[in-house]
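In what follows, a single structure is set out as structure tokens and then discussed.
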Amino acid sequence: MPSPRTSTSTRRVAEQILPLESAPERFAEVMREFLVDARQVRAEVELMGSGMTDPRLREIARRWTDRLTEILTEHVGREAAEAIAVYLDGVTLHAGLHDEPIPADAMARTLRALMTIPPSEGSDPR
């Protein structure tokens, strides 16, 4: 399976986001499949770290998160989309530091909660 952190995976997210009610479970399962592959997780964590220290790699390191946020914004709003993307980055780092990733059901519950974040007054709709 390709990494969920590729353009293929963001296309897959866009195709699978509806129905929105069951999206958290589908996304959690896709992430779990990625997170159990320690080699892929290490590569992603390395790319994140390199993007923080090497401005030439920053755009590449942010590509998946930025595209995911863009896709989700249309359905859940900008603030919720950014929170989901940041959470999934954290889940990836967690998997890189632990023997087992966060369970898919726990990810799904968190994603469901994040999807309900209401936009704040005067929020940036980007």
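Some observations on this one:
- Flag if Val36 is more than 12 Å from the chain's Cα centre (by Cα), open to solvent by 50 Å² or more (accessible area, probe 1.4 Å) and closer than 23 Å to Arg12 by Cβ: yes
- Filter pass, Arg78 being basic (Lys, Arg), farther than 27 Å from Asp37 by Cβ and open to solvent by 30 Å² or more (accessible area, probe 1.4 Å): yes
- Candidates in region 51-65 are the residues that are closer than 24 Å to Val30 by Cβ and of a type outside the set (Phe, Trp, Tyr); of these, the one that is surrounded by the fewest Cβ atoms within 10 Å (Cβ to Cβ) is Glu59.
- Output for region 51-72, where each listed residue is touching a residue at least 24 places away in the same chain (Cβ under 8 Å) and farther than 16 Å from Gln16 by Cβ: Arg63, Thr65
- If you filter region 91-108 down to residues that are part of a loop (DSSP other than H, G, I, E, B) and open to solvent by 70 Å² or more (accessible area, probe 1.4 Å), you find that the one that is modelled with the highest pLDDT is Pro103.
- Options Leu111, Leu88, Leu68: the member that is under 20 Å from Arg39 (Cα atoms), open to solvent by less than 20 Å² (accessible area, probe 1.4 Å) and either part of a helix (DSSP H, G or I) or among the aliphatic types (A, V, I, L, M) (or both): Leu88
The values are calculated or read from the model by the stated rules, or taken from the named source; none is laboratory data. Keep in mind it's a predicted model, so treat the numbers as computed, not measured. Positions of Cβ are generated from backbone atoms using ideal geometry, with glycine treated the same way; all protein chains shown enter the neighbour counts. Surface areas here come from the heavy atoms of the whole protein model, side chains and all, with no ligands, DNA or RNA. Shrake-Rupley method; radii C 1.70, N 1.55, O 1.52, S 1.80 Å.
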